[in-house]
Number of protein chains: 2
Amino acid sequence: MAPDQRIVLKPIGFVRTQAMGDEVKDKTRTSQIIVHHELTEALAGIEDFSHLFVLFWLHEISGEQRKTLKVHPRGRKDLPLLGVFATRTMLRPNPIGLTLVELVKVEGNVLTVRGLDALDGTPVLDIKPFDPWDTAKDAKVPRWWTKLNEKAQPP
Amino acid sequence: MAPDQRIVLKPIGFVRTQAMGDEVKDKTRTSQIIVHHELTEALAGIEDFSHLFVLFWLHEISGEQRKTLKVHPRGRKDLPLLGVFATRTMLRPNPIGLTLVELVKVEGNVLTVRGLDALDGTPVLDIKPFDPWDTAKDAKVPRWWTKLNEKAQPP
């Protein structure tokens with residue numbers, strides 16, 4: 001594959017949520033993933049997993065923002081200036097969001113999930129079941145990460 | 001965003017590995033991610049994480065294969081026929097691979113990682129640091145998954 005080749009994706013569905021702005025970061029909220037009707041069959045068996053990874057397209061990020069190389073995490077100047085690949089910032093060359101969600105319910109082509117931090121209308125690119133290979137018990141994170149998350153530690 | 005809109009991505013680098021075919025599934029093997037030179041700065045600070053998610057483009061999947069809706073996991077007919085979104089098959093509408101890897105070493109624009117199941121030359125789309133929000137301690141998987149992985153349980 002030539003290094004300048006373009007990759008073309010088509011959304012498999014979109015997010016529906018009542019949450020506005022920063023409300024989407026509330027991990028207790030539920031939202032829906034509306035999968036395109038012609039792909040409903042591709043959900044068969046997904047209800048047997050409790051958690052999913054959702055890959056979505058951060059469609060509000062501009063071409064100019066995709067050129068960002070360094071950021072302060074969440075704009076906080078008290079935290080170090082870091083490369084975008086060392087953070088989960090939305091400002092990245094390929095603005096794909098990746099979030100682990102809890103699967104609450106499956107009804108036809110609609111998944112109800114908890115913890116998806118995506119705005120209403122966000123295009124969804126892929127859905128993958130979470131399994132034990134996706135975790136590292138002994139994972140280390142830097143000090144700035146712990147500082148950033150001290151008010152909202154994961155369960 | 002119109003439902004038929006196309007999303008265009010550009011690789012941020014590529015995979016270099018000596019592993020051929022199924023050898024890439026060996027979780028103990030290391031491989032390199034060669035990040036494009038102009039993005040080297042975007043790696044600053046990544047060395048402080050022990051684990052990363054790598055998103056890569058499964059470039060050997062054809063347009064026809066992307067239309068697959070159901071599969072037997074790894075082609076095993078003794079396992080149920082499932083929707084592609086209920087499995088980690090490469091045959092999916094947007095063939096993006098997602099693998100958790102251990103970060104071994106960072107040298108300029110080259111990351112050495114352990115456990116990346118991608119072929120030599122695979123285009124890399126994104127690199128994200130793994131953090132405690134990416135895991136679910138109480139995750140449930142179906143019986144077929146346990147059966148499929150009984151010979152190679154994650155650590």
Self-check item: Filter result for B:Leu43 (surrounded by fewer than 21 Cβ atoms within 10 Å (Cβ to Cβ), farther than 21 Å from A:Trp57 by Cβ and facing chain A (nearest Cβ under 10 Å))
Solution: no
Quiz item: For segment A:51-94, what are the residues that are of a type in the set (Phe, Trp, Tyr) and either crowded, with 21+ Cβ neighbours inside 10 Å or in a helix (DSSP H, G or I) (or both)?
Solution: A:Phe56, A:Trp57, A:Phe85
Quiz item: Which one is least open to solvent (accessible area, probe 1.4 Å) among residues in segment A:117-147 that are over 23 Å from A:Gln32 (Cβ atoms), hydrophobic (A, V, I, L, M, F, W, C) and in a loop (DSSP other than H, G, I, E, B)?
Solution: A:Ala136
Quiz prompt | Cross-chain or 6+ apart pairs with Cβ under 8 Å, segment A:93-109 first and in contact (Cβ under 8 Å) with a residue 60 or more places away in the chain, then charged (D, E, K, R) and open to solvent by 50 Å² or more (accessible area, probe 1.4 Å) | solution = A:Val104/A:Arg114; A:Val106/A:Glu47
Exercise. Check segment B:4-16 and report whether any residue there is under 30 Å from A:Glu41 (Cβ atoms), touching a residue at least 24 places away in the same chain (Cβ under 8 Å) and in contact with a strand residue (DSSP E or B) (Cβ under 6 Å, 6 or more places away or on another chain).
Key: yes
Exercise. Look through segment B:1-21, keep the residues that are modelled with pLDDT of 90 or more and of a type in the set (S, T, N, Q), and return whichever of them is farthest from B:Thr112 (Cα to Cα).
Key: B:Gln18
Practice problem: Determine if segment A:36-48 includes at least one residue that is of a type in the set (S, T, N, Q), at pLDDT 95 or above and touching a Lys or Arg at 6+ places or on another chain (Cβ under 6 Å). | Solution: no
Quiz item: How do the pairs read when you match residues in segment B:112-127 that are in contact (Cβ under 8 Å) with a residue 40 or more places away in the chain with residues anywhere that are in a loop (DSSP other than H, G, I, E, B) and of a type in the set (A, V, I, L, M), using Cβ under 7 Å and keeping only pairs 6 or more apart or on different chains?
Solution: B:Gly121/A:Met1; B:Pro123/A:Met1; B:Val124/B:Ile12; B:Leu125/B:Ile12; B:Asp126/B:Ile12
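The values are calculated or read from the model by the stated rules, or taken from the named source; none is laboratory data. This one's a predicted model, so the numbers in the text were calculated from it and none came from an experiment. Every residue, glycine as well, gets a Cβ built from its backbone with ideal geometry; the counts of neighbours run over all protein chains shown. Heavy atoms of the whole protein, side chains included, go into the accessibility calculation; ligands, DNA and RNA do not. Shrake-Rupley method; radii C 1.70, N 1.55, O 1.52, S 1.80 Å.
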